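To start, the structure under review is shown below, and the notes come after it.
Please treat every number below as a calculation from the coordinates, not as lab data. A quick note: this is a predicted structure, and the numbers were derived from the prediction, not measured. Don't worry about glycine lacking a Cβ; one is built from the backbone with ideal geometry, like all the others, and counts go over all protein chains shown.
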Amino acid sequence: MMFDSIKDQIRDVKKIVFVTGAGISQESGIPTFRGKDGLWRNYDAMKLATINAFYDNPKLVWEWYNERRKNIFSAHPNEGHKAIADLEKYVDVVILTQNIDGLHQKAGSTQVLELHGSIVKIKCTVCDFKDEIMTDFSDSPPLCKCGNILRPDVVWFGESLPQDVWQEAIIHANQCDLMVIAGTSLVVSPANTLPIYAKQNNALLIEVNPEDTEMSLEMDLAIRNTSANTLPKLISLFREN
Ligand code: BJW
Ligand code: ZN
């Protein structure tokens, strides 16, 4: 069994924090950012995720989000998301996600902190106006009542994470006795520092990723498989209790 080497330690766990990234939604049909998936109409997705890219070509960046929104709205949580939601029956679970797709919530998880914002939210580039759009988006970014351009309410490179959410994330990372890091390359800061907080609390660290990451060597267990294949097996350890 995948978890054999640490299954006795896992059984005593009271609080699990999941740190998730694009890879956990890959099996729901949502492309990841890096690797060959990170291209959109031959643009490097990472170059679109900045405020300067948006000011240079608002329509292009808006179209990128529009396409992703359509795909996300038609996507369903996969066995990985569902397993994490199920785990709430047995143990305290908090999810710190870099994803904006809302699939953890759709799967039924109740404690989800969105570190990088949400695909349904928009905000003004200038004033404090914020809104949610649950229906189709217009072809170009709409204007705010103040006359300035509206943008997706997500965190782009060089921008700080929502500070209340980030502070709460650190508290949970400090408190957990198991952290499961699933579907993230851990190249983007500050989200990639969360495992360090958990380690300071002597938490067990488990990584679920078909590939090696920068932090694989720090893990107590690195499972080289997909999240939909792996996470349902984690549940069975708690169900046996
Ligand atoms: C599977 C799988 C399966 C596949 N099952 N697994 C130099 C200049 C400017 C800034 C910086 C700089 N150096 C460092 C910085 C800081 C910067 C940063 O970290 N950059 C690095 C890239 C170098 N960070 C920031 O700017 C952050 N803000 C900040 O630090 O503020 C302070 C500051 C201010 C001013 C200057 C400097 C600092 C903000 C980061 C915001 C990131 N935003 C994005 C877009 C969000 C909105 C959107 O979705 O459009 O967030 S970028 C993108 O990367 C997105 C993701 O959440 C994030 C992380 O990616 P993730 O989720 O890890 O995906 P991938 O694709 O990388 O990995 C997928 C993994 O899944 C892979 O490992 C696969 O193997 C695996 N996988 N299939 C399980 N089935
Ligand atoms: Zn405004």
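For the stretch 123-241, evaluate the Debye formula with one uniform point scatterer on each Cα (no solvent term) and list log10 I(q)/I(0) at q = 0.15, 0.19 Å⁻¹, rounded to two decimals.
-0.84, -1.03
What are the extents of the Cα atoms of the stretch 2-143 along their three principal axes, listed from largest to smallest and rounded to whole Å?
Cα spread of the stretch 2-143 along its principal axes, largest to smallest: 54, 34, 25 Å.
Pairs of alpha-carbon atoms within less than 8 angstrom and 6+ residues apart define the contacts here; what relative contact order does the stretch 108-241 have, in percent?
Here the relative contact order equals 17 percent.
Counting every Cα pair in the stretch 193-241, what percent are over 12 Å apart?
Tail fraction, whole percent: 67.
Using θ = phi - 60° and the Karplus relation 6.51 cos²θ - 1.76 cosθ + 1.60, list the HN-Hα couplings for the stretch 128-144 in order, rounded to whole Hz, with x at every Gly or Pro.
Computed from phi, the couplings for the stretch 128-144 are 8, 4, 9, 8, 10, 10, 9, 9, 5, 8, 5, 5, 10, x, x, 9, 6 Hz.
Could you state the angle between the C-alpha long axis of helix 58-73 and the longest principal axis of the C-alpha atoms of the chain, as a value from 0 to 90 degrees rounded to the nearest 10?
It works out to around 40 degrees.
Please provide three numbers in whole Å: the alpha-carbon extents of the stretch 72-175 along the principal axes, with the largest listed first.
That gives 50, 32, 20 Å along the principal axes, largest extent first.
Given labels modelled 7 Å from the Cα in the Cβ direction, how far is it in nm from L39 to D136?
Label-label distance for L39 and D136, simple model: 2.9 nm.
Looking at the chain, what % of the alpha carbon pairs are farther apart than 21 Å?
So the pairs more than 21 Å apart make up 57 percent of the total in the chain.
When N is the residue count of the stretch 7-91, what does its C-alpha Rg come to as a fraction of 2.2 N^0.38 Å?
Cα-based Rg divided by the globular estimate yields 1.46.
How large is the direction-averaged shadow of the alpha-carbon convex hull of the stretch 133-202, in nm²?
Over all viewing directions, the stretch 133-202 projects a mean Cα-hull area of 7.2 nm².
Using alpha-carbon pairs under 8 Å, 6+ residues apart, how would you state the relative contact order of the stretch 1-120 in percent?
30 percent
Normalised by the number of residues in the chain, what is the relative contact order in percent for Cα pairs under 8 Å and 6+ residues apart?
With pairs under 8 Å counted, the relative contact order is 25 percent.
With a Förster radius of 45 Å, plug the Cβ-Cβ distance of Q9 and T50 into 1/(1 + (r/R0)^6) and report the FRET value to the nearest 0.05.
For Q9 and T50, the calculated efficiency is 0.60.
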